[in-house]
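Shown next, in structure tokens, is the structure this report addresses.
The values are calculated or read from the model by the stated rules, or taken from the named source; none is laboratory data. Every value quoted in this text rests on a predicted model; they were computed, and no experiment measured them. Note: ideal-geometry Cβ built from the backbone for every residue, glycine included; neighbour counts use all protein chains shown.
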Amino acid sequence: MAIQNIINLIYTVDYYLLFIAFITIYIFNFYYKYLNRPNPLPGPIPLPFIGNFHNLLYDPKKFYEQSQSKYGDISEVNLDRRFVLLTRPEYFEKLFDRKLFFMRQSYNQGLEEIGMFGHGIAFNENYENWKPNNKFFMDTFVAQKFMDNAVNSTNNLYKELSDYWQSLGKQNTSNNNNDNWTLETDFTKWLHGFTNDIVSIIITGERTYSIAAYYNSLSLKKSEYPDAIVEDGDRFVKSIVKYIQGLMLFSSTGSFVRQYIPIIKNKSVDYIKNRDYLFEKLDKIIKKRKEDIKKMTIDKEMRTDMLTSLITANTNLNDSNDEELKPIADIEIRGNILDAFLGGTDTTTNLFCFITYFICKNPHVKQKMLSEIDCILTSDKSYVSYNDLQKLRYCEAIIKETSRLVPVIPVGHRLITEEYEIAGYKWPPGTHFMLNFSGVHTHPKIWPDPEVFNPDRFYNDDLDDKKLGDKSALVIFGGGRRICPGRRLAMLELLSLMALVFKNYNVELVNKNEPLKLITLMTTTCQELKVRISPRP
Ligand code: HEM
């Protein structure tokens, strides 16, 4: 028995020693590789197993902003791999070359499992497959008919939003003067609902009733839509939100973790179920629209939503005579629609919340903005036309200045597959770059008083961003071939909402001293924005 115990002890000691040896070799190898990496750059020293995750974990936005002052214009950060962090607009030049296609990331099994990798454009790293989808996005979003439809739909949806605010405000007020109401509410929730509804209308031609669902959750009266369709639309939007959460989990964990680590395993199964529901729902929408198009008589004009254009592209139903182009496969139609939801909802929601915050914190900016809006929206104060939007130059300057201080997407990603010279170094294929938009936006050599919110930087002609010396000094929508295809639509949405909301309502922060409640992962999001809304006299 005693001998057996000694043998057991030796075994235990052996395992223990083996384990220590393994860890020592790993750590030695980790730092050997680190110290002998090509083109060593300054940056936080990585730790074995976790790299620099701990440096970014607490506040990634601050990390990106401060990296320039701490480590200079080119530095490195190690996460699951080494990233070269570029914080100077000139260093983006090669990666923003419009003649070159760059990947964002290498093959990702998790993204493939959740159904995103290789379809649509945002998670599509295969140039031959990405190119027709991207062309389609670009062509759709420059078509005037599409833009006119987007402006009209935004005006209509704003009216609905405005009715809900009025109804809630009046329900909450006890005085007899019903036009003198105030509504205290979380702006992020309304904006989230609004952008999902509007993207759904202009992309698929179908409603999601997200603002109606939020109104129903707060109000004693219910919206005019039947409960069943509101709930169905709301479920669809919630499944998109859940799908985005799933994307984050699946893109950042290996299949072993997803299959065997208990809590993550359950979550993964749940995300896959949600994926199946969402894909089935989108496939039904595509099928129904195809059937509607088939039944259409020749004298009827084709709808201008993106789904209709995707279905009819390169068929005899549209004017394309290019025989080399094939109709778009259903799986790509679904990928493109999903891209529009993923790329076009949270981004616009968050940017509009940041804009509102800065306007409320800067009364002189608010006053100047209101003077501009009041000059342009004179005849009908609850309708803004496409032409009006071109004249809202100060509002545009506010959007740019807000994006400079709080870019919704703080860093861009590029992966090179050939050797390139970037920032004075030769980089081998397989190098990953982070384009530090946040850091460039607050670079003291580019921006005088970088911390000050001053939309005039982009308003006065002599300070226009085109004259900043480098057009990549302000990177709201990325650049090069992977530039955001929805940028015109995003600007149209933001300007329309600014004009309509601030023309008609006085919006104040409930707690004027509270900073923005931000969380940065892939995007910087506003967790909550409590505002007080009342009609403008
Ligand atoms: C304020 C709103 C928006 C912001 C700040 C924004 C920003 C961006 C940025 C920074 C990128 C990465 C570009 C790069 O890597 O160089 C991007 C990509 C993309 N955006 Fe947007 N975006 C917005 C709205 C939209 C809208 C409305 C849509 C579509 C309806 C959209 C669809 C996409 C897609 C599909 C991509 C991927 C492009 C590719 O990989 O080739 N975005 N966006």
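Answer with yes or no whether Arg334 is in contact with a Ser or Thr (Cβ under 9 Å, 6 or more places away or on another chain) and at pLDDT 90 or above. Criteria not met by Arg334.
Restricting to segment 500-523, name every residue that is β-branched (Val, Ile, Thr) and at pLDDT below 95. Ile519, Thr520, Thr523 - these are the residues of segment 500-523 that are β-branched (Val, Ile, Thr) and at pLDDT below 95. For segment 105-122, filtering for residues that are in contact with a helix residue (DSSP H, G or I) (Cβ under 7 Å, 6 or more places away or on another chain) and either of a type in the set (Lys, Arg) or touching a residue at least 40 places away in the same chain (Cβ under 8 Å) (or both) leaves 12. Pairs are defined by a Cβ separation below 7 Å, a sequence spacing of at least 6 or placement on different chains, a first member in segment 410-436 that is over 27 Å from Lys62 (Cβ atoms) and at pLDDT 95 or above, and a second member that is part of a strand (DSSP E or B) and within 15 Å of the ligand (Cβ to nearest atom); the pairs so defined are Thr417/Met103. Scanning segment 247-258 for any residue that is closer than 30 Å to Ile50 by Cα, in contact with a helix residue (DSSP H, G or I) (Cβ under 7 Å, 6 or more places away or on another chain) and not in a helix (DSSP H, G or I) turns up at least one such residue. Within segment 492-527, the set of residues being of a type in the set (Asp, Glu) and either in contact with a Cys (Cβ under 7 Å, 6 or more places away or on another chain) or in a helix (DSSP H, G or I) (or both) comprises Glu493, Glu508.
So which helices (runs of 4 or more DSSP H) are wholly in segment 321-432 and hold at least 1 residues that are more than 13 Å from the ligand (Cβ to nearest atom), closer than 25 Å to Glu65 by Cα and in contact with a Phe, Trp or Tyr (Cβ under 9 Å, 6 or more places away or on another chain)? It would help to see each step written out before you state the result.
On the way: elements: 330-344, 346-361, 363-376, 386-391, 393-405.
It comes to 346-361, 363-376, 393-405.
The rows are residues; the columns are (1) away from the ligand (no atom under 16 Å from the Cβ); (2) at pLDDT below 95; (3) closer than 21 Å to Tyr71 by Cα.
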| residue | (1), (2), (3) |
| --- | --- |
| Ser438 | no, no, yes |
| Ile446 | yes, yes, yes |
| Lys467 | yes, yes, no |
| Phe477 | no, no, no |
| Cys484 | no, no, no |
| Leu492 | no, no, no |
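Being under 30 Å from Glu93 (Cα atoms), surrounded by 20 or more Cβ atoms within 10 Å (Cβ to Cβ), of a type outside the set (Ser, Thr, Tyr) and touching a Lys or Arg at 6+ places or on another chain (Cβ under 9 Å) is the requirement here; does Ile476 meet it? So Ile476 passes the test.
Restricting attention to segment 477-491, report how many residues are under 30 Å from Ile416 (Cα atoms) and part of a helix (DSSP H, G or I). Talk me through it step by step, then tell me what you get.
From segment 477-491, those under 30 Å from Ile416 (Cα atoms) are 477-490; that's our starting set.
Next, from what is left, pick out any that are part of a helix (DSSP H, G or I): 480-482, 487-490.
Within segment 477-491, residues that are under 30 Å from Ile416 (Cα atoms) and part of a helix (DSSP H, G or I) number 7.
Yes/no matrix, rows are residues, columns are (1) over 30 Å from Met434 (Cα atoms); (2) among the aliphatic types (A, V, I, L, M); (3) touching a strand residue (DSSP E or B) at 6+ places or on another chain (Cβ under 8 Å); (4) within 11 Å of the ligand (Cβ to nearest atom):
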site	(1), (2), (3), (4)
Glu93	no, no, no, no
Leu100	no, yes, no, no
Glu113	no, no, no, no
Gln144	yes, no, no, no
Met147	yes, yes, no, no
Ser153	yes, no, no, no
Leu183	yes, yes, yes, no
Trp190	yes, no, no, no
Thr195	no, no, no, yes
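If the condition is being over 21 Å from Ile201 (Cβ atoms), small (Gly, Ala, Ser) and surrounded by fewer than 14 Cβ atoms within 10 Å (Cβ to Cβ), then segment 221-270 contributes Gly254, Ser255. Within the option set Phe30, Phe53, Phe63, being in contact (Cβ under 8 Å) with a residue 24 or more places away in the chain and surrounded by 14 or more Cβ atoms within 10 Å (Cβ to Cβ) holds for one residue only, Phe53. Might you let me know whether segment 510-531 holds any residue that is of a type in the set (A, V, I, L, M, F, W, C), within 24 Å of Leu100 (Cβ to Cβ), surrounded by fewer than 20 Cβ atoms within 10 Å (Cβ to Cβ) and within 16 Å of the ligand (Cβ to nearest atom)? Yes, segment 510-531 has at least one match. Do we have any residue at all in segment 194-202 that's surrounded by fewer than 16 Cβ atoms within 10 Å (Cβ to Cβ) and in contact (Cβ under 8 Å) with a residue 40 or more places away in the chain? No, segment 194-202 has no match at all. Consider Thr417 carefully, then state whether it is under 22 Å from Tyr158 (Cα atoms), surrounded by fewer than 19 Cβ atoms within 10 Å (Cβ to Cβ) and of a type outside the set (Lys, Arg). The answer is no for Thr417.
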